[in-house]
1. Any idea how many residues of the range B:82-96 are crowded, with 16+ Cβ neighbours inside 10 Å and either in the same structural domain as residue B:38 (by TED's automatic domain parsing) or farther than 21 Å from residue B:126 by Cα (or both)?
2. Could you pull out the residue among A:240, A:235 that is among the charged types (D, E, K, R), at the interface with chain B (Cβ under 9 Å from one of its Cβ atoms) and buried (at least 17 other Cβ atoms within 10 Å of the Cβ)?
3. When the residues of the range A:202-232 are narrowed to those that are part of a helix (DSSP H, G or I) and surrounded by fewer than 19 Cβ atoms within 10 Å (Cβ to Cβ), which ends up farthest from the other protein chains (Cβ to nearest Cβ)?
4. Looking only at the range A:49-77, which residues are part of a loop (DSSP other than H, G, I, E, B) and either of a type in the set (Phe, Trp, Tyr) or loosely packed, with under 14 Cβ neighbours inside 10 Å (or both)?
5. Have a look at A:131, A:149, A:119 and point out the one that is buried (at least 22 other Cβ atoms within 10 Å of the Cβ) and at pLDDT below 95.
6. Of all the residues that make up the range B:171-181, how many are buried (at least 17 other Cβ atoms within 10 Å of the Cβ) and either free of Cβ contacts under 8 Å to residues at least 40 places away in the same chain or not aliphatic (A, V, I, L, M) (or both)?
7. Answer yes if at least one residue in the range A:49-72 is at pLDDT below 90 and at positive phi, and no otherwise.
8. Residue A:318 versus (1) among the aliphatic types (A, V, I, L, M); (2) within 14 Å of another protein chain (Cβ to nearest Cβ); (3) not in a loop (DSSP other than H, G, I, E, B): which is the lone unmet condition?
Amino acid sequence: MNKILTQEFIQEKFAEYYRQNLNSVKPPTSFEKREFAFLLFKERTMLRHKGFKNAEDFRSFLQNVLPSDVYYSSAYYEKPEEEMDAKGWIGADLIFDIDADHIPTPCNKHHDAWTCKNCGTTRRETKPERCPKCGGQKFDDISWPCPICLESAKEETMKLIDVLDKDFGFSTKEMKLAFSGHRGYHVHIENEAVRTLDSIARKEIVDFVMGLGLEPALYDFEKGEGPKLDDSGWKGRIAKGTYEFLLTATTDQLEKADLRRKTISLIIQQREKIVESWKEKGPWKMLKGVGPDNWKKVIQQAVERQSVKIDTVVTTDVHRLIRLANTLHGETGLKKIEMHVNDIEGFDPFNNAIAFSHGIITVDVVDAPQFMMEDRVYGPYRNQRVELPTAAAMLLLCKGAAKIMEEIVDVQ
Amino acid sequence: MQRLDLRITELDNPEYSRILERAEKRIEEAILYALVSEGRGSDEVEIPSFPIAVMMVAATNDPFLKRRYALAEAKRIYSILKQENRQKLNEVAQVFNWKVKPAKTEAAKSQTATSDFTLHFTNYLKNTSNLRESKWKLVNRNMLNGEAHLTKDEAARLLAEEVRAHVEKKLDIKIGIVLPKAVTKRAERLKQLFLSRRGQMRQEEMPRETVLDAFPPCMRQLYNMAPSGRHISHIGRFALTSFLINSGMPIENVIECFRPASDFSERMTRYQVEHIAGDRGSRTKYIPPRCDTLRTHGICPGMDEICRRVKHPLAYYRRKLRIIKTQTPATAPRA
């Protein structure tokens, strides 16, 4: 009963948001060539292959269906409403998804939990092979948007923007940046030249951004002219990563990099000299007795540090559905929100992406880790009734971590 | 053809026999040596022999021959372009609408390898997808502002790739007219020659039963993960499913592999497996992604000795099968 009530409540809140903000839901470019998809509250099914002639039709459809999530295709089609095989693919925007799921973060995702599908046991810990209570093997994952995760995602996004700007030459105008509404950021590139790239070409872009398949020998470290700090592209990144690694790596990290013992002690003894060496030709020829194999391992570490952690599948998929800007994320009640690439540094998802800023709601929290909303820290909560501002309450409700009790609307 | 005032219907005319012969020779060379010689004949023969050869190959309707011929013509172009100067290469690149520029001297100076041209990365990517050497990977290429640096020789190589794609496209057209006998007879003869050659080249058929011992490390890992119910990514499932199907495993057995998965649904799994097997939807039977794609998506667990020699998990499987076979006494080569 309570569960249904909670779902109806969320849906009603979403309806209210779309009633008040319908005009802010910005249809994508080349509107009539995109496929739209809607995740429905009740059936939890995806309504796909929808196409619209104009923004009006789209908005009135949105208001009638009231979905939990709204997506559109990065692809352009002749006939977006047809089945996949008959759509007539014309091209697709180049998209990047940076999600905390793909980044090792300092918080170690301690806030994430699993629920056993069989007995309903929920624990906030790494998912086990089998449920300790009933032995079940099927789980639901519950992940949380945490400030540390989102800070890591932001750093990766800024690295990505740097690569797209300097190496690929995309202008800041061509890059559309948005907070995803949950645990990361999206970057879209709408540019004629990239539109027709196939999935293999996009895979090469992924490999470039992540530094995958980088062959150290092709970066001339064995010759006199090794990578220098002011070099452009991956050459410069190798230098920066190597600088950082040789300066900061602990003995443990150097051992983990599989370096020879002699190399490790040389690095530790000569740290100051190494730092000095970057003013000229770098350390490549300086450390006597460190051979190419060990340098290659150092470069691998450097690349790992400079690599941008993106979701490889999203970028290589030329039929991808992606959340529409200014629509709500069904798992958080936050909105996907666009920003200028220069504004990302000061962007705060827990302030800038809030969709519900009025009122207070009382909810019964089953289990929630500590979380943040509008500059305030809440929780952790376990089996307790709490009164929360709407945005915080909506996060718990959408996550399934709380059930609805009553709503006390602000008297304004 | 129009400019040469050549009519297809007149090709039976003996005065064109030298052109037809050269056209046939081009294809024969492609079949036998995988390249087309530069040709010593006069331009009157050499130039029209190319479109005629294209017509002949198109008439064979054999996709493998088409691919081989396009590749051979591209090799011919490469050996010609290699000797041309920058100016000429630039002109050829313009024909294909490449966004190409002569490299600026300052930019070239900062390179250790000399760079003669810069090419927009989209043109670069479209023409390197078949080139597997690591120097062609974009990540190993000096790129600034969307412009990839190329030496003259590299530019010639990429132009040859462009030619290959161009010829393949030409070969793909359906011939709507009845071709003269002089052409069809030759096309038929070439097709027979190719088939007899290919018979020798063709690798052994896949065995009926899936041989687990011949799985590459990536597929072995995915295959072992499936029954433990551990989560396999979407692309991992696709790779495993298409691999198993192509190794000859019956659909029912493939579906069973996924049963323990935490989100298993028989209906969905059956639908997807049948789709990949080509029993549904577009009727395309899918093959697994090649090695470098698996690497991008983090599915490659690291290479073994055989991996280093192949670029595709199915190629690994075939190779390993051969090794296993030669090791079993029954099929050991006779002394």
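The values are calculated or read from the model by the stated rules, or taken from the named source; none is laboratory data. Every value quoted in this text rests on a predicted model; they were computed, and no experiment measured them. Positions of Cβ are backbone-derived with ideal geometry, glycine not excepted, and every protein chain shown enters the neighbour counts.
1. Residues that pass the stated criteria total 1.
2. Only one candidate qualifies: A:235.
3. Filtering first and then ranking leaves A:217.
4. Matches in the range A:49-77: A:52, A:53, A:54.
5. So the residue among A:131, A:149, A:119 that is buried (at least 22 other Cβ atoms within 10 Å of the Cβ) and at pLDDT below 95 is A:149.
6. So the count comes out to 1.
7. No, there is no match, as no residue in the range A:49-72 is at pLDDT below 90 and at positive phi.
8. The single condition residue A:318 does not satisfy is (3).
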